[in-house]
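Take a look at the structure below.
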Amino acid sequence: MGRRSLTERESTHQTEDVFRSANERIAGKARELRWRFPVPFLCECSDTHCFARIELVLEEYEGMRSHRRQYVIASGHELVGAFLIERDEQVAFVEKLHEQKG
Ligand SMILES: [Zn+2]
């Protein structure tokens with residue numbers, strides 16, 4: 001398996017979902033390595049140019065991820081169509097009100 005670039009065809013894909021799949025790979029790796037330190041995840045906000053890092057221990061990430069509509073973003077960033085659930089100085093957990101269509 002080599003590196004594969006993102007196809008333009010997947011333009012219906014929301015930015016946050018691209019970051020989300022990247023984060024799932026990071027989480028998978030951390031799980032594999034039984035990493036107990038904070039893991040550097042990517043901010044899942046709506047800004048395509050955002051490369052902010054969010055440090056979460058794997059358990060926190062997985063707890064959030066078990067809710068399909070929840071995303072994790074850097075505190076102060078924004079995810080369109082989502083409301084804030086919880087936030088501290090660095091991290092904010094948000095939840096989308098509706099599933100995105102198209
Ligand atoms: Zn961001």
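Read the figures in this text as sums done on the coordinates, not as results from a lab. Remember, predicted model here, so these are calculated numbers, not experimental data. Note that we place each Cβ from the backbone using ideal geometry, even for glycine, and neighbour counts take in every protein chain shown.
The table below lists the values:
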item: Index of the failed condition, E44 passing every other in (1) closer than 15 Å to Q14 by Cβ; (2) exposed (fewer than 12 other Cβ atoms within 10 Å of the Cβ); result: (2)
item: Residue check for I85: surrounded by 12 or more Cβ atoms within 10 Å (Cβ to Cβ) and either of a type in the set (S, T, N, Q) or within 14 Å of the ligand (Cβ to nearest atom) (or both); result: no
item: Residue in the range 14-50 that is farthest from the ligand (Cβ to nearest atom), counting only those that are over 18 Å from E86 (Cα atoms), in a loop (DSSP other than H, G, I, E, B) and of a type in the set (A, V, I, L, M, F, W, C); result: L33
item: Residues located in the range 68-102, provided they are more than 20 Å from P40 (Cα to Cα) and out of contact with any Leu (no Cβ under 9 Å at 6 or more places or on another chain); result: R68, V80, L84, I85, L97, H98, E99, Q100, K101, G102
item: Qualifying residue in the range 65-72 (condition: surrounded by 13 or more Cβ atoms within 10 Å (Cβ to Cβ), of a type outside the set (S, T, N, Q) and over 14 Å from D17 (Cβ atoms)); result: no
item: Selection within the range 51-72 - closer than 18 Å to R25 by Cβ, touching a residue at least 24 places away in the same chain (Cβ under 8 Å) and either among the aliphatic types (A, V, I, L, M) or not in a strand (DSSP E or B) (or both); result: A52, I54, L56, L58, Y61, E62, M64, R65, V72
